[in-house]
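Engineer: The structure is given below, and queries will be raised subsequently.
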Amino acid sequence: MKVEYITSIERVDGLSKEEKKRLKKVTEKFAFRANTYYLSLIDWSDPNDPIRKIIIPSEDELEEEWGSLDPSNEKRYTVAPGVEHKYKDTALVLFNNLCGGYCRFCFRKRLFIKGNKEIIRDPEPALKYIKEHPEIDNVLISGGDPLLLSDRRLEEILAGLRSIDHVKIIRIGTKIPAFNPYRILNDDKLLRLIEQFSFKEKRIYMMVHFCHEKELTPPAIKAIDKLISAGAIVCNQTPLIRGVNDNPEALANLLNKLSFIGATPYYIFQCRPTTGNKVYSVPVEEGLQIFEKAKVSLSGLAKRAKFVMSHMTGKIEILGIDNSFIYMKYHRTPDQKVAEIMKFERNPEGYWLEDFKPVSP
């Protein structure tokens, strides 16, 4: 299948002229990008279709000033061009500012705004930083989607990382299996690169992003199978998104099907307070209740996911609530402090850590 990329809302056939006119003002502020394969998954007769919610803009993105363009303060942990070093053993590298489509709730939408210079084209400064920090054994290639890079550039990056002995894990954060599985299905060289650089004792992990079971089409499942056959370990992470997976049945169906195809459920993220994202966000307490209800119908393999918040101060796991309090703990922190249970006053309208008042032990 030939997949064409679309960057103008006027070219989306499923929208009426009036809808295109209204949504153009949204795309003037927050970039739009999709492709013919992904748009074909939308049931245009259903205004609440989850794929539509993921990829088609909403006028509500402009309704309320909320959050920031860097809600987790990634700038604070940027140590070299395109390189973030937040956790001791992990470096994150941004090599690309394009994706197979732009999720409307993206927390890095700033990368797609004209003039942003956070990504790095030349891998050498990143490789140099990683070489000089032997504590880094885990490198996450993210961005923009790394699988939209050419095979030649991917090979250069993977070879460079594999030349550094202390780098054990290479993670590739990608939504391409959902957005355009034919990038994988039609490119044997890409699969050979995975096979070449995923070693028995130094694996490549594909951190895929399926948000709803409708994305798990036969081509997508076949693409996951090919990645696994090439030697990659596949894990899935998704934010909890209003109108997409914000009910127990939808979330349980997604996690179950991921476990069936060998894409390990990894993280369920609290939607970050990014500018324009309020319409897609679910309050923390509601999200936890959805997550816990979904887990009831899951096998142990499917319920391995953790519900977390990627906060400026670390990755926070959201544990539980009772009549008066909500409980959390740090899953990871930059200073590697012991993960003590934290107690906060409940706030049904709270979306982020700052919305909760801590309670002394």
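Engineer: Is one or more of the residues making up the range 14-27 closer than 30 Å to HIS166 by Cβ and not in a strand (DSSP E or B)? Can you show your working first?
Structural biologist: Step one: list which residues in the range 14-27 are closer than 30 Å to HIS166 by Cβ, which gives none.
Checked against the condition, which is being closer than 30 Å to HIS166 by Cβ and not in a strand (DSSP E or B), the range 14-27 yields no hits at all.
Engineer: Now for a separate question. Checking ILE204 against (1) under 19 Å from ASN35 (Cβ atoms); (2) crowded, with 17+ Cβ neighbours inside 10 Å; (3) touching a Phe, Trp or Tyr at 6+ places or on another chain (Cβ under 7 Å), which single condition isn't satisfied?
Structural biologist: ILE204 satisfies every listed condition except (1).
Engineer: Then there's this: Which is in contact with a Pro (Cβ under 8 Å, 6 or more places away or on another chain) and under 30 Å from GLU213 (Cα atoms), of GLY287, GLY320, GLY314? Working first, answer last.
Structural biologist: Details: GLY287 fails: in contact with a Pro (Cβ under 8 Å, 6 or more places away or on another chain); GLY320 fails: in contact with a Pro (Cβ under 8 Å, 6 or more places away or on another chain).
Residue meeting the stated conditions: GLY314.
Engineer: Could you look through the range 131-154, keep only residues that are small (Gly, Ala, Ser) and either under 16 Å from ASN180 (Cα atoms) or at pLDDT 95 or above (or both), and pick out the one that is surrounded by the most Cβ atoms within 10 Å (Cβ to Cβ)?
Structural biologist: GLY144
Engineer: Then there is this: Can you tell me which residue is modelled with the highest pLDDT among those in the range 322-350 that are crowded, with 17+ Cβ neighbours inside 10 Å and β-branched (Val, Ile, Thr)?
Structural biologist: Filtering first and then ranking leaves ILE326.
Engineer: Then there's this: Just the residues that are surrounded by fewer than 20 Cβ atoms within 10 Å (Cβ to Cβ) and in contact with a Phe, Trp or Tyr (Cβ under 9 Å, 6 or more places away or on another chain), please, taken from the range 36-59.
Structural biologist: The answer is THR36, SER58.
Engineer: Does the range 239-269 hold any residues that are in contact with a strand residue (DSSP E or B) (Cβ under 8 Å, 6 or more places away or on another chain) and of a type in the set (Asp, Glu), and which are they?
Structural biologist: Residues of the range 239-269 that are in contact with a strand residue (DSSP E or B) (Cβ under 8 Å, 6 or more places away or on another chain), as a first pass: 239-240, 245-246, 251, 254-255, 258-259, 262-269.
ASP246 - this is the single residue of the range 239-269 that is in contact with a strand residue (DSSP E or B) (Cβ under 8 Å, 6 or more places away or on another chain) and of a type in the set (Asp, Glu).
Engineer: I'd like the full set of residues that are among the hydrophobic types (A, V, I, L, M, F, W, C) and within 23 Å of ILE169 (Cβ to Cβ), limited to the range 82-107.
Structural biologist: Going through the range 82-107, the residues among the hydrophobic types (A, V, I, L, M, F, W, C) turn out to be 83, 91-95, 98-99, 103, 105-107.
Across the range 82-107, the qualifying residues are VAL83, ALA91, LEU92, VAL93, LEU94, PHE95, CYS99, PHE107.
Engineer: Taking into account only those residues within the range 192-238 that are in a helix (DSSP H, G or I) and β-branched (Val, Ile, Thr), which is farthest from GLY173 (Cα to Cα)?
Structural biologist: Looking at the filtered set, the residue picked out is ILE221.
Engineer: Right, next: Go through the range 46-105 and tell me which strands (runs of 3 or more DSSP E), entirely inside it, have 1 or more residues that are in the same structural domain as ASP335 (by TED's automatic domain parsing) and under 17 Å from the mean Cα position of the chain (by Cα). Don't jump to the end; show me each part of the working.
Structural biologist: On the way: elements: 78-80, 83-87, 90-96.
Per the criteria, 83-87, 90-96.
The values are calculated or read from the model by the stated rules, or taken from the named source; none is laboratory data. Bear in mind the structure is a predicted one, so any value in this text is a computation, not a measurement. Here Cβ is always computed from backbone atoms with ideal geometry, including for glycine, and neighbour counts include all displayed protein chains.
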